[in-house]
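Structure first, commentary second.
Derivation of every value follows stated rules applied to the coordinates shown; laboratory data play no part. Since we're looking at a predicted model, the values are computed, not measured. Positions of Cβ are generated from backbone atoms using ideal geometry, with glycine treated the same way; all protein chains shown enter the neighbour counts.
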Amino acid sequence: MENQRQVVLSKAILEMKFMKKTKEKVQKEIEDAEGQAMYSNEITEEMRRSGNLVFIETSITNCKNLIEGRLSFGGANPEIEKNDV
């Protein structure tokens, strides 16, 4: 097999108009490599295999364990107290 080596283009060449897409691709590759190096000890293989896990909650009351609705204490609003029982 051939020995493939990574070709590094100079900054001046990447600044040329026709090299814009290549410049973006090179920057993305560099950022990805830096990100992998930075988080390689924190992200496990199991995390990579499982993919993204996203929870969507429409109300903040469940997230912060808040009580939903109106409250009344000491008979200040008997209508609300009647519903709470």
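For Lys20, work out the one condition from (1) more than 21 Å from Val7 (Cα to Cα); (2) of a type in the set (Lys, Arg); (3) surrounded by 10 or more Cβ atoms within 10 Å (Cβ to Cβ) it doesn't fulfil. So the condition that Lys20 fails would be (1). How many residues, within the range 33-53, are in a helix (DSSP H, G or I) and polar (S, T, N, Q)? Residues that pass the stated criteria total 2. Name the residues in the range 54-81 that are outside any loop (DSSP other than H, G, I, E, B) and over 20 Å from the mean Cα position of the chain (by Cα), would you? The answer is Thr61, Asn62, Pro78, Glu79, Ile80, Glu81.
Return only the number of the condition from (1) in a helix (DSSP H, G or I); (2) without any contact (Cβ under 8 Å) to a residue 12 or more places away in the chain; (3) out of contact with any Ser or Thr (no Cβ under 9 Å at 6 or more places or on another chain) that Thr22 does not satisfy. Thr22 satisfies every listed condition except (2).
For the range 45-82, a tally of residues being surrounded by 10 or more Cβ atoms within 10 Å (Cβ to Cβ) and either closer than 30 Å to Glu15 by Cα or of a type outside the set (A, V, I, L, M, F, W, C) (or both) returns 6.
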